[in-house]
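Visitor: After the structure tokens below, expect a handful of questions from me.
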Amino acid sequence: MDLAEIYRVNSLSILDVSRLLTRQCCRGRTRELTVSKTLTLPNDRATFALGRWLGQHLAAGTVLLLKGDLGSGKTTLTKGLGEGLGIAEEIDSPTFTLINEYVGDRLPLYHVDLYRLESADTDRLFLESYWEGIEYPPGIVAIEWAERLRYLPPASLEVRLTYQHPEGRKGVLIPGNSAQTRLLEELTPDAILAHEV
């Protein structure tokens, strides 16, 4: 299927589809071609609302790879994710503790911040124990500075946040499996901000 066919079949505009992506997963598996979703997030409230929507809809075991520069909104999105999961605690970035664990009404949240680590050091955290659901109850794993991971978890949802003047932020969500692709088809600016009305 070529790019024009994907636009036609999915009724997406050229702005909704930023690219096709083939990405390497851990243990040498290759991801299927996926269609990314691009959103304009004009302010912190919209970034928070995107996180809340994801927290309300993501399946247990989902790993979010949060990528972006300092101040791009990774922690703001994770705070919204916590609200969507029904977490009453304040969500703080675990820059020094590396991992914060939260229990929510819907699912637990495992918030990881790799900012202070080199790529080689990330292996020593044994993060797979969070997404495999063996040592910890299955929940949502949100990894800030995921660019520092040497091995990507299988079927992760990549979220790239960039600042764009004067529009605010741009969020690009890249699904790692067909269930995430279907979920992102439901994601619209109206759906994100429905809670705000």
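The values are calculated or read from the model by the stated rules, or taken from the named source; none is laboratory data. The structure presented is a predicted model; accordingly, all values stated were derived computationally and were not measured. Positions of Cβ are backbone-derived with ideal geometry, glycine not excepted, and every protein chain shown enters the neighbour counts. For the accessible areas, the whole protein counts, side chains as well, though only heavy atoms, and no ligand, DNA or RNA atoms are used. Shrake-Rupley method; radii C 1.70, N 1.55, O 1.52, S 1.80 Å.
Visitor: Within segment 37-51, identify whether any single residue is closer than 16 Å to G139 by Cβ and modelled with pLDDT of 95 or more, and answer yes or no.
Guide: Yes, some residue in segment 37-51 is closer than 16 Å to G139 by Cβ and modelled with pLDDT of 95 or more.
Visitor: If you don't mind, another one. For residues that are open to solvent by 10 Å² or more (accessible area, probe 1.4 Å) and more than 12 Å from the chain's Cα centre (by Cα), scanning just segment 47-56, find the one that is nearest to Q164 (Cα to Cα).
Guide: F48
Visitor: Among the residues in segment 106-117, are any of a type in the set (D, E) and touching a strand residue (DSSP E or B) at 6+ places or on another chain (Cβ under 8 Å)?
Guide: Scanning segment 106-117 turns up at least one residue that is of a type in the set (D, E) and touching a strand residue (DSSP E or B) at 6+ places or on another chain (Cβ under 8 Å).
Visitor: Give the residue that is nearest to R160 (Cα to Cα), with candidates limited to residues of segment 96-122 that are open to solvent by 40 Å² or more (accessible area, probe 1.4 Å) and part of a helix (DSSP H, G or I).
Guide: S119
Visitor: Considering Y136, Y163, which residue is among the hydroxyl-bearing types (S, T, Y) and in a loop (DSSP other than H, G, I, E, B)?
Guide: Y136
Visitor: If you scan segment 146-160, which residues turn out to be open to solvent by 70 Å² or more (accessible area, probe 1.4 Å) and either over 23 Å from G61 (Cβ atoms) or in contact with a strand residue (DSSP E or B) (Cβ under 7 Å, 6 or more places away or on another chain) (or both)?
Guide: E147, R160
Visitor: Could I ask something else about it? For segment 170-195, how many residues meet the condition of being in a helix (DSSP H, G or I) and open to solvent by 30 Å² or more (accessible area, probe 1.4 Å)?
Guide: So the count comes out to 11.
Visitor: Yes or no: Y163 in contact (Cβ under 8 Å) with a residue 12 or more places away in the chain and open to solvent by 80 Å² or more (accessible area, probe 1.4 Å)?
Guide: Spelling it out, Y163 is indeed in contact (Cβ under 8 Å) with a residue 12 or more places away in the chain and open to solvent by 80 Å² or more (accessible area, probe 1.4 Å).
Visitor: Here's a follow-up. Filtering segment 108-122 down to residues that are among the hydrophobic types (A, V, I, L, M, F, W, C) and within 13 Å of V63 (Cα to Cα), which residue is modelled with the highest pLDDT?
Guide: Among those that are among the hydrophobic types (A, V, I, L, M, F, W, C) and within 13 Å of V63 (Cα to Cα), it is L109.
Visitor: Which residues, taken from segment 61-95, are over 21 Å from V172 (Cβ atoms), modelled with pLDDT of 95 or more and open to solvent by less than 70 Å² (accessible area, probe 1.4 Å)?
Guide: G82, L85, G86, I87
Visitor: Can you find, within segment 123-145, the residue that is surrounded by the fewest Cβ atoms within 10 Å (Cβ to Cβ) among those that are hydrophobic (A, V, I, L, M, F, W, C) and either touching an Asp or Glu at 6+ places or on another chain (Cβ under 6 Å) or within 18 Å of G55 (Cβ to Cβ) (or both)?
Guide: Ranking the qualifying residues of segment 123-145, first place goes to W131.
Visitor: Given (1) at pLDDT below 90; (2) more than 17 Å from R52 (Cβ to Cβ), where does N177 come up short, assuming only one miss?
Guide: So N177 meets the others, but not (1).
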